[in-house]
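Here the structure comes first, spelled out in structure tokens, and everything after it is commentary.
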2 protein chains.
Amino acid sequence: MFVVIAYDVNTETAEGRRRLRKVAKICTDYGQRVQASVFECCADAATFAVVRDKLLGVVDLEKDSLRFYKMGRGYEKRIEHHGARPGYEAEGFLSF
Amino acid sequence: MFVVIAYDVNTETAEGRRRLRKVAKICTDYGQRVQASVFECCADAATFAVVRDKLLGVVDLEKDSLRFYKMGRGYEKRIEHHGARPGYEAEGFLSF
């Protein structure tokens with residue numbers, strides 16, 4: 001499945017900034033960064049469940065927001081990108 | 001159609017910060033903010049084309065990034081949210 005992961009982490013505290021680094025690391029391990037806090041991840045259901053659980057184990061649900069958009073079949077035709085590519089291109093598109 | 005709009009606007013300059021305000025205003029006019037730079041918009045194809053053209057008329061394609069994720073049918077079951085709701089809830093879900 002192809003999932004868009006978008007997150008907002010409250011970074012008002014040092015602890016929040018730590019959460020942000022951890023969230024970004026997990027997303028980088030499993031997906032491709034396309035914007036500062038938006039990743040795209042191609043994974044089977046079991047791997048997606050692992051990613052979600054890892055992220056839920058890091059974020060503070062009172063302060064942070066995690067959104068998962070499962071794009072479904074034929075997603076390629078339903079994604080549009082305009083403008084600059086993120087400078088932090090992972091080494092390639094990760095899919096599991 | 002249900003579209004997720006995600007944007008990254010380079011705000012290193014005053015002009016960039018002006019672009020960001022304009023992008024956020026257009027998205028607020030047509031959609032629901034769900035994260036700092038992620039909106040959800042329920043619109044027909046013609047209205048979506050208007051939104052896209054307005055946004056493309058504001059961003060700097062060299063510096064900024066716009067991504068549109070058209071979720072397709074049955075999107076409700078394919079969106080997961082965990083954590084804090086944005087404090088900037090628009091007055092309700094806008095759909096055209």
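What follows is calculated from the coordinates using simple rules that are stated; it is not laboratory data. Remember, predicted model here, so these are calculated numbers, not experimental data. Counting neighbours? That spans all protein chains shown, and the Cβs are built from the backbone with ideal geometry, glycine included.
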Nm distances between copies for A:Asp44, ranked from closest, using label points 7 Å along Cα→Cβ:
4.4
Pick from A:Ala43, A:Ala84, A:Ala24: which residue has the top mean-square fluctuation in a GNM of chain A where Cα pairs under 10 Å get a spring?
A:Ala84
Restricting everything to alpha-carbon atoms, can you work out Rg to Rh for the protein assembly as shown with a Kirkwood hydrodynamic radius?
0.94
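Give me Rg over Rh for the range B:2-75, both radii from the alpha carbons and Rh done the Kirkwood way, two decimal places.
Reported Rg/Rh, Kirkwood definition of Rh: 0.97.
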Rounded to the nearest 10 degrees, what's the angle between the helix A:45-56 long axis and the longest principal axis of chain A, both from Cα atoms, 0 to 90?
20
What's the average, rounded to a whole number, of partner chain beta-carbon atoms within 10 Å of each residue's beta-carbon in A:57-66?
3
How far is it, in nm, from the label point at A:Ala46 to the one at B:Asp53 when both lie 7 Å from their Cα along the line to the Cβ?
5.0
Within a Gaussian network of chain A (alpha carbon springs, distance under 10 Å), most fluctuating of A:Gly83, A:Gly57, A:Gly74
A:Gly83
Using a label position 7 Å from Cα in the Cα→Cβ direction, what is the ascending list of nm distances from A:Met1 to the same site in the other copies?
2.3
Take every Cα pair under 8 Å in chain A that's 6+ residues apart, average their separations, divide by the length, and report that relative contact order as a whole percent.
44
Copy-to-copy label separations for B:Arg85, where each label sits 7 Å from Cα toward Cβ, in nm and ascending
3.9
